[in-house]
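Novice: Dumping the structure here so I can ask a few things about it.
The values are calculated or read from the model by the stated rules, or taken from the named source; none is laboratory data. Here the structure is a predicted model, which is why all the values come from computation and not from measurement. All Cβ positions, even for glycine, are placed from backbone atoms using ideal geometry, and neighbour counts span all protein chains on display. For accessibility, only protein heavy atoms count, side chains too; no ligands or nucleic acids. Shrake-Rupley method; radii C 1.70, N 1.55, O 1.52, S 1.80 Å.
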Amino acid sequence: MGYLGGFLVSLRQVGRKRRVTTQYPAQKAPKPARVHGRHVLNRYEDGMEKCIGCELCAGVCPARCIFVRGADNPVDDPVSPGERFGFVYEINYLRCIHCDLCVEACPTQAITESKMFEFSFTNREDAIYTKAELVVDDEGRPRQQPWEDWREGEDLLTSAWMRATSPSGSAAYEGVVGWNGELGYGVRAPEADQEVKDAVTTSPSMIDEHGGHGHGHDDHGTESDDHGHGGH
Amino acid sequence: MFGGDPLLAGNVDLAVVLIVLVKVVVVFGLLLIATQLMIWFERKVISDLQNRIGPNTAGPFGILQTLADGIKFFFKEDLVPERADRRVFILAPLLSVVPAFLLFSIVPFGGDFSNGHDGSVELFGHTTYLQLADPAIGILFALAMSSVAVYGVMLAGWSSGSKYPLIGSVRASAQMISYEAALGLSVCAVVLTSGTLSTHGIVVSQAGSGWGFVPDWNVIATGFVPFVVFFLASQAELNRPPFDLVEAEQELVGSYHTEYSSIRFALFFVAEFMNSVTMAALIVTLFLGGPAGPTLIGPGWLWGVIWFLVKVLVLLFVFVWIRGTVPRVRYDQLMDLGWKRLIPLSLGWLLLLATFWVARDQGWNGFLTIAIGGAIGLVGYLLLKAAIATSRVRRLEGVVD
């Protein structure tokens, strides 16, 4: 049809059942596993906070949206294992760009990013999340604020990925992203979809064999235990 | 001066004035509702063509979406830029929306035109046409109004005191003025065929059908070419895609209405869609027989309204279909199409048509006349091509800029 062929292409779409639209507030499109959402401050299994008030996250933040002040742990009732704890912890979500650099900077994996980003606060005070709002509850789950829109199960898998691939140094996991274990969620299986296609030393078959199965869990379990002891 | 409407032919008493007033209110209301439905229709159809859903929350099938948008516009802050020329800035949207309203007043939207009826109806003992006004200048009024609308666009851009609106308005006025020539020349073909300027007369001349089934529409009587030219030129005149360079967001933000907000922007928006409806109605009037059509059961004037609405709706769908399919043309392509294709084509066709009618009146050999006319047209086309080619060569050589 030459010039007029395009008219048939668009006309053929009329009345089709399949549409690209997601009816957003009613239903949500699935989010990628590594979406950067709002932060949580994690805790250990014994309820101790992981944050040690080192302010590295505040230092690395390019948007300068994190405010941390550390304080010495009370001797009789310590908040975190070790000497210091995060006394004040505030993140201003009007400035945060969700770059995840704070997560990378954190030495104790205290701050991670969840997948939740759908909030609409109506004043600036709500936009500044304080420690009470950021710290996870006793089960290790993020606390839902009134202005946040989550659905069932969206707070799952809130932990961020590890900074390094193959965190324990095992050659089988070269080029494979590992996840840190979090209270309430356990450890996620290492993810095999990054760098597989251009990994030189690791064959994809090896990754399929180990990734996402028992070995990976053990490996990372000890890894996070190490961190716990380090904190003490 | 008031033309052929029998309502105003005799004594003008209170009843006549009241009938005219009722007609004004009805046409005004219908046009507003039609515009609102057109915006909804366009959004719905274009989403269908683009595999989307479109508005579906406000009212059934989202039909009240436009109403919601309109209410929102009223409550928005009305900004006037500091460097704007205040008076002209406020005047411009009105210059754009008032012609859009006036344009519809000459469109016949109903009446019985079948079996030799002249489309008049009885209202409270008075005979009248189902159109607001039937001036003797008829279709010239439409051309005049669409020219006045250019002022709205141009002054809006100029008075904004900002560069993108200015560029956009210069583009818009250049585009509208150059396509008005093609538009006017194809209207001439219709006027030549129908023998009258009055829109009612044009519709009457298209009533009935040849051999029982081929409608006597001008689209056939003028030989299809003026219809195509008018259709393309009307899209350019309306600034609709693919000729919406005026509103090329990537280049010009929002063009002439960049600095407008609140209800002033809404006026431009309404004028644009109202012009789409009116232009479809004008095409129906000029080329597709207006409200003329067969009467099945019931009163004839109602069938006139139904045929008119059906034809307008089909045309509006085609408008949206074109928008959903064709990508925007470049500015030089736009000007090439206007000046080098549509204007020569409609001019040549008008001459050929005039020759045809003269030949019929004088009783010349029709075939021979058309053959000679066609040959002259071909020579003219070749000369035009040669002229364009020569000028291009000279431009490339750097003889002229």
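Novice: Mind listing whichever residues of the stretch B:25-59 are outside any loop (DSSP other than H, G, I, E, B) and among the polar types (S, T, N, Q)? Show your work before the answer.
Specialist: Taking the stretch B:25-59 as the starting set, the residues that turn out to be outside any loop (DSSP other than H, G, I, E, B) are B:25-49.
Those that are outside any loop (DSSP other than H, G, I, E, B) and among the polar types (S, T, N, Q): B:T35, B:Q36, B:S47.
Novice: Please specify each residue of the stretch A:1-40 satisfying the condition of being open to solvent by 90 Å² or more (accessible area, probe 1.4 Å), within 30 Å of A:H98 (Cα to Cα) and facing chain B (nearest Cβ under 8 Å). Walk me through how you get there before you give the answer.
Specialist: If we filter the stretch A:1-40 for residues that are open to solvent by 90 Å² or more (accessible area, probe 1.4 Å), which is where we start, we get A:1, A:3-4, A:12, A:16-18, A:20, A:24-25, A:27, A:30.
From what's left, within 30 Å of A:H98 (Cα to Cα): A:20, A:24-25, A:27, A:30.
Passing the criteria: only A:V20.
Here is a yes/no grid of residues against (1) under 16 Å from the mean Cα position of the chain (by Cα); (2) without any contact (Cβ under 8 Å) to a residue 24 or more places away in the chain; (3) within 14 Å of another protein chain (Cβ to nearest Cβ):
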{"position": "B:A271", "(1), (2), (3)": "yes, no, no"}
{"position": "B:T285", "(1), (2), (3)": "yes, no, no"}
{"position": "B:L288", "(1), (2), (3)": "yes, no, no"}
{"position": "B:A292", "(1), (2), (3)": "no, no, no"}
{"position": "B:T295", "(1), (2), (3)": "no, no, no"}
{"position": "B:V312", "(1), (2), (3)": "yes, no, no"}
{"position": "B:D332", "(1), (2), (3)": "no, yes, no"}
{"position": "B:P344", "(1), (2), (3)": "no, no, no"}
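Novice: Only one of B:F28, B:F104, B:F124 is open to solvent by 40 Å² or more (accessible area, probe 1.4 Å), closer than 20 Å to B:T278 by Cβ and more than 14 Å from chain A (Cβ to nearest Cβ); which?
Specialist: Every option except B:F28 fails the conditions.
Novice: Would you tally the residues in the stretch A:87-111 being in a helix (DSSP H, G or I) and more than 13 Å from the chain's Cα centre (by Cα)?
Specialist: 1
Novice: Being open to solvent by 20 Å² or more (accessible area, probe 1.4 Å) and in contact with a helix residue (DSSP H, G or I) (Cβ under 6 Å, 6 or more places away or on another chain) is true for just one of B:A174, B:A181. Which residue is that?
Specialist: Checking each option against the conditions leaves just B:A181.
Novice: Continuing with this model, one more query. Given the conditions (1) without any contact (Cβ under 8 Å) to a residue 60 or more places away in the chain; (2) among the aliphatic types (A, V, I, L, M); (3) open to solvent by less than 40 Å² (accessible area, probe 1.4 Å), and given that B:L350 satisfies all but one, which numbered condition is not satisfied?
Specialist: (1)
Novice: Another question about this same structure. What residue, among those in the stretch B:7-24 that are closer than 17 Å to B:S120 by Cβ and part of a helix (DSSP H, G or I), is nearest to the chain's Cα centre (by Cα)?
Specialist: B:K23
Novice: Here are some residues: B:W321, B:W303, B:W307. Which one is more than 14 Å from every other protein chain (Cβ to nearest Cβ), open to solvent by 20 Å² or more (accessible area, probe 1.4 Å) and in contact (Cβ under 8 Å) with a residue 40 or more places away in the chain?
Specialist: None of the other options fit; the residue is B:W303.
Novice: B:V98: among the β-branched types (V, I, T), in a helix (DSSP H, G or I) and open to solvent by 10 Å² or more (accessible area, probe 1.4 Å), yes or no?
Specialist: Yes, satisfied.
Novice: Exactly one condition in (1) charged (D, E, K, R); (2) within 18 Å of A:T130 (Cα to Cα); (3) in contact with a helix residue (DSSP H, G or I) (Cβ under 9 Å, 6 or more places away or on another chain) is false for A:R16; which is it?
Specialist: Only one criterion is unmet by A:R16, namely (2).
Novice: Give the number of residues within the stretch A:20-62 that are of a type in the set (V, I, T) and farther than 30 Å from B:I46 by Cβ. Give the derivation first.
Specialist: From the stretch A:20-62, those of a type in the set (V, I, T) are A:20-22, A:35, A:40, A:52, A:60; that's our starting set.
Filter once more, keeping what is farther than 30 Å from B:I46 by Cβ: A:35, A:40, A:52, A:60.
Residues flagged as of a type in the set (V, I, T) and farther than 30 Å from B:I46 by Cβ within the stretch A:20-62 amount to 4.
Novice: Assuming B:L315 fulfils every condition listed in (1) touching a Lys or Arg at 6+ places or on another chain (Cβ under 8 Å); (2) closer than 22 Å to B:I33 by Cβ apart from one, which condition is it?
Specialist: (1)
Novice: Still on this structure: Does B:R43 qualify as being out of contact with any Pro (no Cβ under 9 Å at 6 or more places or on another chain) and farther than 30 Å from B:A9 by Cα?
Specialist: Judged against the criteria, B:R43 is not a match.
Novice: In the stretch B:34-60, which residue that is within 13 Å of chain A (Cβ to nearest Cβ) and of a type in the set (S, T, Y) is nearest to the chain's Cα centre (by Cα)?
Specialist: If we take residues in the stretch B:34-60 being within 13 Å of chain A (Cβ to nearest Cβ) and of a type in the set (S, T, Y), then B:S47 is nearest to the chain's Cα centre (by Cα).
Novice: For the stretch B:250-269, give me each residue that is assigned to a helix (DSSP H, G or I), open to solvent by 40 Å² or more (accessible area, probe 1.4 Å) and not polar (S, T, N, Q).
Specialist: Correct list: B:E251, B:I263, B:R264, B:F265, B:L267, B:F269.
Novice: Report the residue count in the stretch B:356-383 for those that are closer than 18 Å to B:S186 by Cβ and open to solvent by 50 Å² or more (accessible area, probe 1.4 Å).
Specialist: So the answer is 3.
Novice: Identify, please: which residue in the stretch A:41-54 is of a type in the set (D, E, K, R) and surrounded by fewer than 17 Cβ atoms within 10 Å (Cβ to Cβ) and is, among those, nearest to the other protein chains (Cβ to nearest Cβ)? Don't jump to the end; show me each part of the working.
Specialist: First, the residues of the stretch A:41-54 that are of a type in the set (D, E, K, R): A:43, A:45-46, A:49-50.
Of the ones still in play, those that are also surrounded by fewer than 17 Cβ atoms within 10 Å (Cβ to Cβ) are A:45-46.
Details: A:E45: 46, A:D46: 49 Å.
Within the stretch A:41-54, the match that is nearest to the other protein chains (Cβ to nearest Cβ) is A:E45.
Novice: So in the stretch B:50-85, with the set limited to residues that are closer than 21 Å to B:L267 by Cα and of a type in the set (F, W, Y), which one is least open to solvent (accessible area, probe 1.4 Å)?
Specialist: Here the residue is B:F73.
Novice: Got at least one residue in the stretch B:149-161 being within 19 Å of B:D5 (Cβ to Cβ) and open to solvent by 40 Å² or more (accessible area, probe 1.4 Å)?
Specialist: Within the stretch B:149-161, not a single residue is within 19 Å of B:D5 (Cβ to Cβ) and open to solvent by 40 Å² or more (accessible area, probe 1.4 Å).
Novice: Still on this structure, I have one more. Just for the stretch B:130-147: of the residues that are at pLDDT 85 or above and of a type in the set (G, A, S), which one is most open to solvent (accessible area, probe 1.4 Å)?
Specialist: Out of the qualifying residues, it is B:A144.
Novice: Take the residues in the stretch A:102-135 that are open to solvent by less than 40 Å² (accessible area, probe 1.4 Å) and among the β-branched types (V, I, T), then tell me which one is farthest from A:R151 (Cα to Cα).
Specialist: Among residues in the stretch A:102-135 that are open to solvent by less than 40 Å² (accessible area, probe 1.4 Å) and among the β-branched types (V, I, T), the one farthest from A:R151 (Cα to Cα) is A:T108.
Novice: Residues being part of a helix (DSSP H, G or I) and farther than 16 Å from B:V22 by Cβ: count how many of those fall in the stretch B:105-149.
Specialist: 15
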